[in-house]
Amino acid sequence: MHEKRFEGDISRLRAPERIELFEVARVVSLCLEESEFNTVLDVGTGTGLFAEAFAQRGMDVSGVDVNPDMLVEARKHVPSGDFREAAAEALPYPDSAFDLVFMGVLLHESDEQLKVLREARRVAKNRVCILEWAYREEEFGPPLIHRMNPADLTGMIEKVGFSGTKIIPLAKLAFYRLNV
C-alpha cells in the first residue's frame, strides 16, 4: 500500500522555489474564499507547508500523513496543530469534523482515489479543496502517467456526490474547490 509515497529528502519539500511553485498563499486564499472557516484538516500534510499557512490565518489545524517522519517536521512548523499518522483512505475522525478538508498534491499518489474523496467528503462540514499537478508533462513534478486526468477526477468528484465544483487553473497546478 502507498507505493507512490514520498521517499526523498524531506528538507527539499520546503525549498523556496517549491513554495513559489505551489502558490501557497494564493491556494490558501482560494480555499477560504466566500466562507468563514475555523477548522481545517490537511490530508497528506507532509512537512505541514499548507497547515502552517492555514494556522497563520488563525485556523485550528489538524493533519494526517502516512509517513511519521513528515509528521515530525509538520509539528516543528505548527506546534499547535494536531498531527496524526493515518492514510487518506481511512481518516481517524468523525463525520463532519472539519469546516474544510485540504489535499495538496496527494490524490495522484493515493492507491484508492475514490475512497480518499469519500473520506474527505465524510469528515468535511462545508468544503473540500484539492490541489493537483496540471495534466501536462513538466520538468518539475511527477511524470504525466502519475498525474490526474481532469476528466477522470471530475467523474470521481461527481460520483462521490459533491454539490458544486469550481476548477481554477494555476501556473503549474490545478485547484479544485468542492462544496459538500
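Rule-based calculations on the coordinates, nothing more; no lab input. It should be emphasised that the depicted structure is a prediction, and the values quoted were computed from it without experimental measurement. Here the Cβ is made from the backbone with ideal geometry for all residues, glycine too, and neighbour counts use every protein chain on show.
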Rounded to two decimals, the Rg over Rh value of segment 106-180 from Cα coordinates and the Kirkwood Rh reads 0.95
By Cβ neighbour count within 10 Å, fewest first, 135, 176 rank 135, 176
Normalised per residue, the volume inside the convex hull of the alpha-carbon atoms of the chain in Å³ amounts to 106
Quick note on 99, 69, 42, ordering by fewest other C-beta atoms within 10 Å, gives 69, 99, 42
All alpha-carbon distances of segment 24-86, grouped into 10 Å bins from 0, give the whole-percent distribution 26, 55, 18, 1
Length gained if residue 168 through residue 36 is fully extended, taking 0.36 nm per residue and subtracting the Cα-Cα distance, is 45.5 nm
Residue span residue 152 to residue 60: 0.36 nm per residue of separation minus Cα-Cα distance leaves a gain in nm of 29.9 nm
When 162, 54 are ranked with the fewest other C-beta atoms within 10 Å first, the list becomes 162, 54
Most packed first (mean Cβ within 10 Å per residue), the peptides 124-130, 103-109 order as 124-130, 103-109
Of all DSSP beta bridges with both partners in segment 74-180, the antiparallel percent, nearest 5, is 70
In debye to the nearest 20, the charge dipole size for the chain, taken about the Cα centre with +1 at each Lys and Arg Cβ and -1 at each Asp and Glu Cβ, equals 340
Rounded to the nearest 500, the 222 nm mean residue ellipticity computed for the chain from DSSP H runs (n ≥ 4, each -39500 (n - 2.57)) alone is -8500 deg cm²/dmol
Given pairs 125/166; 76/172; 125/159 and cut-off 24 Å on Cα-Cα distance, the over-length ones are 76/172
